[in-house]
Amino acid sequence: MPSEAALEPARARVLPRRADARAALGLASVYVVVVVAVPLGWWRVLGLLALVLAFVIGWLGVAARALFRRWLCLLLVVAFFAGTAAAANPERARLGLAATALAMAAKSALAAAAMLTLTSAYSFTNVLAAIRRLGAPAVFVDGLYFMERYRHLLAQELARMTTARRARTFGRSSLSWTVLTGLLGGLLLRTLERSLRVHDAMLCRGWTGEPRDLES
Amino acid sequence: MTVDRKSDYATAGGPAVRVTGLEYAYPDGRRALAGVELVVEAGESVALVGPNGAGKSTLLLHLNGILPGRASRNLFTHVHDLESASSPSRAISPCVWIDGSPVDAKHLREARRKVGLLFQDPDDQLFCNTVLEDVAFGPRNLGLSVDQARRRALECLARVGLEDAAPRPPHHLSFGERRRVCLAGVLACEPMVLALDEPTANLDPRARRRFIELLGGLPGVKLIATHDLEMVLALCPRTVLLDRGRVVADGPSRGLLDDADLLEKHGLERPLSLELEARFAAERRGAC
Ligand SMILES: Nc1ncnc2c1ncn2[C@@H]1O[C@H](COP(=O)(O)OP(=O)(O)O)[C@@H](O)[C@H]1O
Ligand SMILES: [Mg+2]
């Protein structure tokens, strides 16, 4: 689990704040589509796209280390899905399983990096407002807003649960699959309950489903 | 949508809070409220006491229509669009009135503006990246401009003595500070009724004393659910005793909290200060 510091929003130092978040969102989406469209095995093109992204990150002045740490967390998920999906990909016959999985993971990782850059450069709320203006359903935007709002609680909750477990297993590390799934299930339940309470608290203070903060 | 609240309230009539025959069962069938009757007049400070599970929190959640909204909600429907907030069957006979208006789908927004609810767990209430953003959350949702909201948030932070914490992330503050930030966030909405759920729970003695002083200085109607009976004596002239979802006693705090038998029967204890007073009085009588 990433530390809380890593979960802090990476606020960019130099921000083109006045630039429309919607335009940035459009560009990021185009970038993601291009990345996804690159055929598996075209490594040079992927490399070029990565260079473009690196340039943009440098130009925006996004806090690169925090961005990198968040990206690493995502990478685990990405790698897992690429690994499982590669087996069913028809390209496997041509490239072999390992290369297919690697290429798929690389593409997904690049797309994830682009989106992370976007949310780091513009406040998450700005990006959400842009998504909303582009006509996305409120429920979807809400969900994202909500996730952002209490993700640090998720980290805390997990830390508390593992501590409680450790206290009762007397330091023996016993991270079997049953323990792990129990832990994750418990976390999910707690998170759901917590999210209902957080949502209630938001309603109490006039939340109508439209993200508004001190920047937008 | 900046409204002049004072004149707004002046047009409404009736007591600040009226609850009649309020019943509520949680979706799992657990009956939490069984016909609560309660009237709170303007300017009153009322303590809501009772054992764990008596229904205090559940009652507070009804004051601004958070419940029974939840009963009609599953994880995939969102209830902040006001029409779907209470199911039609519930909307027939409202059981809660705030300042003369029923808390139903039509008046939900109004009720939420008039009743400021302080949750028991500050972490449920603080979700923004900085303290300032969090306190400004309510004002922004009430339609204040960015500048107005920022100004009001800073004002309210100053009122709770935390103006220096404005740029910090809430989860880096101490528990007591977090609770004060929550209070600032509620005050920033300028509610008419303050509903506080166990405001002194889990505070260390000094933080508790500060918080009680802070609450004592606030104007308006206060409804405080608590186990802290010493605080009740300090802040609330009137006490309502709740047990198993019903009001079992309602009267002046000193008299009610001095009734050791009644308190014992409902899982509470006579506050130490009254206990000592009674003992001194007995000793004095013995000495005479
Ligand atoms: N989310 C919930 N789901 C089911 N039952 C609940 C829930 N919250 C509270 N209850 C039950 O409702 C009753 C009243 O709870 P509550 O209002 O929290 O009491 P109090 O605040 O006085 O301690 C208790 O029996 C409790 O177990
Ligand atoms: Mg409670």
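Summing Cβ point charges (Lys, Arg +1; Asp, Glu -1) relative to the Cα centre of the range B:134-288 gives a dipole of roughly 340 debye. Against the main long axis of the alpha-carbon atoms of chain B, helix B:205-216 sits at an angle near 70°. Our estimate of slack between A:Leu27 and A:Ala167, defined as 0.36 nm per intervening residue step minus the Cα-Cα distance, is 45.5 nm.
Reported value for chain B: 145 Å³ per residue, from the convex hull of its C-alpha atoms.
Label reach from B:His172 (point 7 Å along Cα→C-beta): in the range B:119-156, amide nitrogens under 11 Å belong to B:130-131.
On a per residue basis, the range B:215-288 carries 55 Å² of accessible surface, using protein heavy atoms and a 1.4 Å probe.
Suppose R0 equals 60 Å; then what is the FRET efficiency for B:Leu276 and A:Thr208 from their Cβ-Cβ distance, rounded to the nearest 0.05? Result of the calculation: an efficiency of 0.75. A straight Cα-to-Cα reach below 18 Å connects B:Lys265 with the lysines B:Lys56, residues fewer than 8 places away in its own chain not being considered.
Roughly what percent of Cα-Cα pairs across the range B:98-182 reach past 23 Å? The share of Cα pairs beyond 23 Å in the range B:98-182 comes to 27 percent. The modelled label-to-label distance for the pair B:Asn202/B:Arg254, using points 7 Å beyond Cα in the direction of Cβ, is 3.5 nm.
3J(HN,Hα) along the range A:59-67: 5, 6, x, 5, 5, 5, 5, 4, 4 Hz, from the Karplus curve 6.51 cos²θ - 1.76 cosθ + 1.60 with θ = phi - 60°, whole Hz, x for Gly and Pro. Using a Gaussian network model of chain B in which every pair of alpha carbons under 10 angstrom is joined by a spring, one finds that among B:Pro191, B:Pro205, B:Pro219 the greatest mean-square fluctuation is at B:Pro205. Largest first, the residues B:His171, B:His227 sort by 1.4 Å accessible area into B:His227, B:His171.
A Cα-only calculation for the range B:201-266 places Rg and Dmax at 12.8, 34 Å.
Pairing chains B and A buries close to 3500 square angstrom of accessible surface in total, based on protein heavy atoms and a 1.4 angstrom probe. Using a simple spin-label model with pseudo-atoms 7 Å out from Cα toward Cβ, A:Phe55 and B:Arg31 lie 7.2 nm apart. Here A:Leu72 sits with roughly 80 square angstrom of accessible surface, probe radius 1.4 Å. Based on the convex hull around the alpha carbon atoms, the range A:54-109 presents an average projected area of 4.3 nm². Accessible area per residue for the range A:88-134, computed on protein heavy atoms with a 1.4 Å probe, is 42 Å². What separates the Cα centres of the range B:25-45 and the range B:236-286 is a distance of 21 Å. The range B:135-178 and the range B:209-233 have their alpha-carbon centroids 21 Å apart. Placing pseudo-labels 7 Å out from each Cα toward the beta carbon at B:Arg285 and A:Arg160 gives an inter-label distance of 4.7 nm. Could you work out how far helix B:131-141 tilts from the main Cα principal axis of chain B, as a 0 to 90 degree angle to the nearest 10? For B:131-141 against chain B, the angle is about 70 degrees.
Ordering B:Met231, B:Met192 by accessible surface, largest first, gives B:Met192, B:Met231; the 1.4 Å probe counts only protein heavy atoms, with every chain in place. Among B:Cys128, B:Cys189, B:Cys156, the residue with the largest mean-square fluctuation in a Gaussian network model of chain B, with springs joining Cα atoms closer than 10 Å, is B:Cys128. Ordering A:Arg168, B:Arg244, B:Arg209 by accessible surface, largest first, gives B:Arg244, A:Arg168, B:Arg209; the 1.4 Å probe counts only protein heavy atoms, with every chain in place. Its residue count N fixes a reference of 2.2 N^0.38 Å for the range A:79-165, and the Cα radius of gyration divided by that reference is 1.50.
When the surface is traced with a 1.4 Å probe over the full set of protein chains, A:Arg22 keeps roughly 100 Å² accessible. Quick one: putting +1 on the C-beta of Lys and Arg, -1 on the C-beta of Asp and Glu, what dipole do you get for chain B around its Cα centre, in Debye to the nearest 20? My answer is approximately 240 debye.
The values are calculated or read from the model by the stated rules, or taken from the named source; none is laboratory data. These figures come from a predicted structure and were not determined experimentally. Reconstructed Cβ throughout: ideal geometry from the backbone, glycine too, with neighbour counts over all protein chains shown. Accessible surface is based on the protein model in full, side chains and every heavy atom, while ligands, DNA and RNA are left aside. Shrake-Rupley method; radii C 1.70, N 1.55, O 1.52, S 1.80 Å.
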